[in-house]
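Enquirer: Once you've had a glance at the structure underneath, I'll fire off some questions.
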Amino acid sequence: MDEMRAQFEAERFLYREAKLLDERRFEEWLDLLTDDVRYWMPVGNLEGAGAPDGQHLSYFEDNKQTLMLRIKRLGTGFAHAEDPPSRTRHLISNIVVEAFTEAELKVSANFIVFRGRLETEEDLFVGRREDVLRKVDGQWKLAARKILLDHNVIGAKNLSLFF
Amino acid sequence: MHEQEFHQLVNIEQGLVSPRIFIEPEIYEWELERIFARCWLYLAHESQIPEPGDYVAAFMGEDPMIVCRDPQGHIRAFLNSCTHRGMRVCREEAGHTKAFRCPYHGWTFDTAGKLIGVPRLNDGYFRQLEKEKWGLIEVAQLATYKGLIFASWDPEAPSLDDYLGDMKWYIDLMVDRLEGGSEVIGGVHKWVIPANWKFAADNFVGDMYHVPVSHGSGLALGLISERDISRGFQVSVGNGHGRGGADQWDVESWSDPASPHLKFLYENREEITHRLGQQRAQILLAGHGTIFPNFSFLDIPGFLTFRVWHPRGPERMEIWSWCVVEKKAPPEVKNMMRLAYLAQFGPGGVVEQDDGENWSQCTLAMRGRVRRRYMLNYQMGLGRQQVRPGIPGQTSPTIWSEIGQRGFYRRWLELMTAPRWSDVNTGGESNGRDESPV
């Protein structure tokens, strides 16, 4: 694995992943995650990310099982926040491979996520993700994602989407 | 608008409330004056500012506040606004300091609110500035109840003790079950919902009715137990406060997310009984509730949350929500409470997500001129109130009742039409103030 290859692999993974999310192919998205995935969006960009485990609030602190529950919820007929569904667009940029081996990529990226819903609802979420991609059976999978929002007071009525 | 017009907007005897109070800017302005500038409002938890010099930001209505501990260790609350040009003197959300220096012209105030520094005092003010008159603007009254800090802008407001009244019986359940009381987990969930603040206060004060539908996904996924939400009763506690919830908990309530917390409470049942008595030890959890006007709680199997619904204009609220735990609980129980809270509540929580959808779409649907002519129905359980032995307040026969909301809006109407606190009944529900039968 050389640097160019690592960059290519990381970008290809992240762009395809974003496409799945925007097309609401959540079951397929779930398959891109390792079984021990940690999906974490701490509250407060700096102090939240720096606090010892378990002593600070998060917006998301999910594992594969709770992410599965979130996806299952959408099919219950009672997920009013996503009925009708949001229209999302994940724009992923500034992708930097921080470290790489044959088996693991550490990647940071910036994101803008646009959400449109109903007639006029519009939300914009901006931030940075720090990902760990791991090779499982020859496929890259997301093993950890830390999502650092640049917002403090969330300007939206909920976070019923994935980042 | 004349204050007598408010009687056309809220009719408790018939269980009718006008959509106008959720929409119209003029009514909102009256609320800022007659409710938010007069009532006792929740500011913070003492555990957030343990040492002199510690401070935390808060809001009272739309007014930004600094809540801090002065050099003597007393809790103080000031408007976060320089007395010179009004600039916010503190722009951090929490921290520790000796003084607040205004970034505009440099006026500096200590943590007792005293003006201690003014640039150009000699060659600008020629030493004639009366510094003692220009300290930070301080609340009229501040008091705490078992770790909860409240303040009021009205010197004539009843004492916090009288204001909370019988609600203290339920607050004790949340913050005084065990030795050491409660503490707040670090970090605050803050988000904005485009809906009037009363939608949330109303929802928490007495609305179990919405749970099976609004939160139907929670039931479908097994996060909410139908059995648990169907038991117990609603209480109009008096002074606009209300709560509802189950009257007992047992081993069948130990669903996965709830079990560590409930198990911990069960293991400590003897101490709870000793502190709060047999009846409250059996109720165990305060359930859902609102302390008038905008401080709500949810104390259910699995976790405890406090939240304030800050008014941000007639059609907008900013929510500040905390996760609260028993100080005495072992770290793993605190952590499970934290995880259960954030999985279900807060903006990302799978249960709470749907509330914002409903409140914002209610707002959209009621904004029109014609819809505002038609009253909303608050008649569930009207005229069916009952007194239960040992339970403070007027209670409903079943959990499915809007008695809490009627108590909330009765107090809202009293305050909106009363020029002074002395014109408001402060005796609470136990003082013979029943709902009239239909």
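Enquirer: Which of the residues spanning the range B:314-356 are within 19 Å of A:A81 (Cα to Cα) and in contact with a strand residue (DSSP E or B) (Cβ under 7 Å, 6 or more places away or on another chain)? Steps first, please.
Expert: Taking the range B:314-356 and keeping what is within 19 Å of A:A81 (Cα to Cα), we get B:315-319, B:341-356.
The answer is B:R316, B:M317, B:E318, B:I319, B:Y341, B:L342, B:F345, B:G346, B:P347, B:G348, B:G356.
Enquirer: All but one of (1) under 19 Å from B:G218 (Cβ atoms); (2) more than 10 Å from chain B (Cβ to nearest Cβ) hold for A:V126, so report the exception by its number.
Expert: (1)
Enquirer: Give B:E332, B:E315 a once-over and let me know the one that is within 14 Å of chain A (Cβ to nearest Cβ), surrounded by fewer than 23 Cβ atoms within 10 Å (Cβ to Cβ), under 30 Å from B:G222 (Cβ atoms) and of a type in the set (D, E). Show your work before the answer.
Expert: On the way: B:E315 fails: under 30 Å from B:G222 (Cβ atoms).
Unique residue meeting the criteria: B:E332.
Enquirer: Which numbered condition trips up A:F111, out of (1) free of Cβ contacts under 8 Å to residues at least 24 places away in the same chain; (2) more than 14 Å from every other protein chain (Cβ to nearest Cβ)?
Expert: Condition not satisfied by A:F111: (1).
Enquirer: Continuing with the same structure: How many residues are touching a residue at least 24 places away in the same chain (Cβ under 8 Å) and buried (at least 18 other Cβ atoms within 10 Å of the Cβ) if we restrict to the range A:5-21?
Expert: Residues in the range A:5-21 being touching a residue at least 24 places away in the same chain (Cβ under 8 Å) and buried (at least 18 other Cβ atoms within 10 Å of the Cβ): 8 in total.
Enquirer: Right, here's the next one. Have a look at B:F297, B:F264, B:F303 and point out the one that is in contact (Cβ under 8 Å) with a residue 60 or more places away in the chain and surrounded by 24 or more Cβ atoms within 10 Å (Cβ to Cβ).
Expert: Being in contact (Cβ under 8 Å) with a residue 60 or more places away in the chain and surrounded by 24 or more Cβ atoms within 10 Å (Cβ to Cβ) holds for just one of B:F297, B:F264, B:F303, which is B:F297.
Here's the yes/no breakdown for (1) among the acidic types (D, E); (2) over 19 Å from B:K133 (Cβ atoms); (3) buried (at least 21 other Cβ atoms within 10 Å of the Cβ); (4) without any contact (Cβ under 8 Å) to a residue 60 or more places away in the chain:
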site	(1), (2), (3), (4)
B:C68	no, yes, yes, yes
B:H74	no, yes, no, yes
B:F78	no, no, yes, no
B:T83	no, no, no, yes
B:G86	no, no, no, yes
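Enquirer: Condition test on A:K72, is it within 21 Å of B:V213 (Cβ to Cβ) and either more than 13 Å from chain B (Cβ to nearest Cβ) or surrounded by fewer than 19 Cβ atoms within 10 Å (Cβ to Cβ) (or both)?
Expert: yes
Enquirer: A further question on this structure: Can you tell me which of (1) within 14 Å of chain A (Cβ to nearest Cβ); (2) buried (at least 19 other Cβ atoms within 10 Å of the Cβ); (3) more than 30 Å from B:D110 (Cα to Cα) is the one B:H210 doesn't meet?
Expert: Among (1) within 14 Å of chain A (Cβ to nearest Cβ); (2) buried (at least 19 other Cβ atoms within 10 Å of the Cβ); (3) more than 30 Å from B:D110 (Cα to Cα), B:H210 violates only (2).
Enquirer: Another question about this same structure. Please indicate, with yes or no, whether at least one residue in the range B:344-367 is within 14 Å of B:I185 (Cβ to Cβ) and at the interface with another protein chain (Cβ under 8 Å from one of its Cβ atoms). Before you say what the answer is, go through the steps one by one.
Expert: Taking the range B:344-367 and keeping what is within 14 Å of B:I185 (Cβ to Cβ), we get B:345-346.
Retained after the next criterion (residues that are at the interface with another protein chain (Cβ under 8 Å from one of its Cβ atoms)): B:346.
Scanning the range B:344-367 turns up at least one residue that is within 14 Å of B:I185 (Cβ to Cβ) and at the interface with another protein chain (Cβ under 8 Å from one of its Cβ atoms).
Enquirer: Could you list all residues from the range A:99-112 that are within 15 Å of A:L142 (Cα to Cα) and surrounded by 13 or more Cβ atoms within 10 Å (Cβ to Cβ)?
Expert: A:F100, A:E104, A:L105, A:K106, A:V107, A:S108, A:A109 - these are the residues of the range A:99-112 that are within 15 Å of A:L142 (Cα to Cα) and surrounded by 13 or more Cβ atoms within 10 Å (Cβ to Cβ).
Enquirer: Among the strands (runs of 3 or more DSSP E) lying completely within the range B:12-107, list those that include at least 2 residues that are closer than 30 Å to B:R372 by Cβ.
Expert: Counting at least 2 such residues, we get B:54-60.
Enquirer: Follow-up. Only one of these conditions is not met by B:P397: (1) surrounded by fewer than 19 Cβ atoms within 10 Å (Cβ to Cβ); (2) in a helix (DSSP H, G or I). Which number is it?
Expert: Going through (1) surrounded by fewer than 19 Cβ atoms within 10 Å (Cβ to Cβ); (2) in a helix (DSSP H, G or I) one by one, B:P397 breaks only (2).
Enquirer: Now a separate question. Give me the residue from the range A:41-51 that is buried (at least 20 other Cβ atoms within 10 Å of the Cβ) and under 16 Å from the mean Cα position of the chain (by Cα) and, out of that set, modelled with the highest pLDDT.
Expert: Of everything passing the filter in the range A:41-51, A:M41 is modelled with the highest pLDDT.
Enquirer: Looking for something in contact (Cβ under 8 Å) with a residue 60 or more places away in the chain and polar (S, T, N, Q) - is there at least one such residue anywhere in the range B:114-122? Outline the logic, then answer.
Expert: Initial filter on the range B:114-122 (in contact (Cβ under 8 Å) with a residue 60 or more places away in the chain): none.
Within the range B:114-122, not a single residue is in contact (Cβ under 8 Å) with a residue 60 or more places away in the chain and polar (S, T, N, Q).
Enquirer: Could you check how many residues of the range B:84-135 are among the basic types (K, R) and over 24 Å from B:V56 (Cα atoms)?
Expert: Result for the range B:84-135: 4.
Enquirer: Which of the residues that make up the range A:127-147 are closer than 17 Å to A:N63 by Cα, buried (at least 19 other Cβ atoms within 10 Å of the Cβ) and among the hydrophobic types (A, V, I, L, M, F, W, C)?
Expert: Selection gives A:V132, A:L133, A:L142, A:A143, A:I147.
Enquirer: A follow-up question, please. Go through the range A:52-69 and give me each residue that's surrounded by 14 or more Cβ atoms within 10 Å (Cβ to Cβ) and either under 19 Å from the mean Cα position of the chain (by Cα) or away from every other protein chain (no Cβ under 14 Å) (or both).
Expert: A:L57, A:S58, A:Y59, A:F60, A:E61, A:D62, A:N63, A:K64, A:T66, A:L67, A:M68, A:L69
Enquirer: Something else: Restricting attention to the range B:282-294, does a residue exist that is aromatic (F, W, Y) and surrounded by fewer than 24 Cβ atoms within 10 Å (Cβ to Cβ)?
Expert: No.
Enquirer: While we're looking at this one, here's another question. Looking at A:D35, A:D2 in this structure, which one is more than 11 Å from every other protein chain (Cβ to nearest Cβ), surrounded by fewer than 17 Cβ atoms within 10 Å (Cβ to Cβ), under 23 Å from B:M336 (Cβ atoms) and at pLDDT 95 or above?
Expert: A:D35
The values are calculated or read from the model by the stated rules, or taken from the named source; none is laboratory data. Note that this is a predicted model, so its numbers are computed, not measured. Positions of Cβ are generated from backbone atoms using ideal geometry, with glycine treated the same way; all protein chains shown enter the neighbour counts.
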